[in-house]
Ligand SMILES: [Zn+2]
């Protein structure tokens with residue numbers, strides 16, 4: 001177990017480093033493979049020993065070795081977050097096909113949150129990536145309908161996944177048009193709608209509903225805090241990070257919460 005956790009920490013950091021490339025380059029429409037990592041200010045190429053996730057940032061003190069310009073601490077934090085989430089996923093779900101799917105999903109959720117927060121868009125490529133994982137989960141659940149009940153403690157059957165996807169999409173479309181017609185505002189972006197359709201396949205219908213509920217609660221808390229510190233609450237904000245946090249919470253704790261709730265009656 002200690003070995004698996006060490007490996008997850010290592011590969012989680014390396015994959016997290018790849019995520020920071022996506023977060024920086026995808027919204028700018030740059031290639032994710034070329035050019036190799038370089039300083040954003042002086043354009044000097046970053047040597048491999050300065051590009052070790054987390055470690056290099058600490059050793060070179062968060063500054064470019066050549067021009068001494070500051071490197072945002074967001075990048076090492078994202079690497080660390082990805083490693084921690086991979087370890088947490090293993091501790092919650094053990095080693096299984098679903099664990100691997102969830103780890104990749106959570107990594108994409110981190111990427112979507114960071115990009116949406118900064119640029120207020122969810123790139124189609126990331127929604128497609130979630131969709132591919134969703135299709136894999138759905139196909140897997142057709143052939144192994146009860147395997148997840150052993151691993152996850154609950155079942156998400158293939159048709160529940162389809163209902164989650166289609167139902168979530170329809171619900172968001174309805175919300176989108178009612179806000180547009182009644183209040184003349186775009187409360188949801190096209191990226192949010194595509195996101196709920198693709199993540200719905202991973203969540204199934206119950207957890208999709210829970211995700212929408214969670215994200216509404218998280219966004220409300222955010223707006224309340226904004227109001228308390230006297231920031232403009234009518235300004236548009238990215239809903240993606242709240243959806244991602246909602247989906248993450250629903251996948252990790254959703255069924256536990258549903259059971260807890262049902263046991264009250
Ligand atoms: Zn530099």
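Rule-based calculations on the coordinates, nothing more; no lab input. The model shown is predicted, which means the values in this text are computed figures rather than measured ones. Every residue, glycine as well, gets a Cβ built from its backbone with ideal geometry; the counts of neighbours run over all protein chains shown.
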> Hey, can you rank 43-52, 27-36 by average C-beta count inside 10 Å, highest first?
Replying inline: 43-52, 27-36
> Relative to the first principal axis of the alpha-carbon coordinates of the chain, what is the inclination of helix 97-119, with its axis defined by its Cα atoms, in degrees from 0 to 90 and to the nearest 10?
Replying inline: 70 degrees
> How would you rank 192-202, 156-166, highest first, on the average number of other Cβ atoms within 10 Å across their residues?
Replying inline: 192-202, 156-166
>> Run the paramagnetic zone check for residue 259: 7 angstrom along Cα to Cβ, then residues of region 72-90 with backbone nitrogen under 18 Å.
In response: 89-90
>> What FRET efficiency comes out for residue 128 versus residue 32 if R0 is 22 angstrom and r is the Cβ-Cβ distance? Round to the nearest 0.05.
In response: 0.95
> Contour minus end-to-end for residue 119 and residue 179, with contour as 0.36 nm per residue of separation and end-to-end as the Cα-Cα distance?
Replying inline: 19.4 nm
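For region 120-265, what is Rg from Cα atoms divided by 2.2 N^0.38 Å, rounded to two decimals?
Cα-based Rg divided by the globular estimate yields 1.12.
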> Gap in Å between the Cα centre of region 40-103 and the Cα centre of region 179-196?
Replying inline: 33 Å
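Does region 152-237 classify as rounded, prolate or oblate by the C-alpha gyration tensor (a ≥ b ≥ c root eigenvalues; a/c under 1.5 gives rounded; else a/b over b/c gives prolate, otherwise oblate)?
The shape class here is oblate.
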> Roughly what angle does helix 240-262 make with the longest principal axis of the chain, taking Cα atoms, 0 to 90 degrees, to the nearest 10?
Replying inline: 40 degrees
> With a ≥ b ≥ c the root eigenvalues of the C-alpha gyration tensor of the chain, is it rounded (a/c under 1.5), prolate (a/b larger than b/c) or oblate?
Replying inline: oblate
> How much length is gained on full extension from residue 59 to residue 229, taking 0.36 nm per residue of separation minus their Cα-Cα distance?
Replying inline: 57.6 nm
> For region 1-95, what are the per-bin percents of Cα-Cα distances with bins 5 Å wide, up to the bin holding the maximum?
Replying inline: 3, 13, 21, 23, 18, 11, 7, 4, 1
> Against the longest alpha carbon principal axis of the chain, how many degrees, from 0 to 90 and to the nearest 10, is the axis of helix 190-228 turned?
Replying inline: 70 degrees
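Roughly speaking, what is the stretch gain from residue 162 to residue 67, that is 0.36 nm per residue apart minus the C-alpha to C-alpha distance, in nm to one decimal? All intermediate terms of the calculation are to be shown ahead of the outcome.
Working: separation 95, 0.36 × 95 = 34.20 nm, distance 5.21 nm.
Stretched out fully, the residue 162 to residue 67 stretch lengthens by 29.0 nm.
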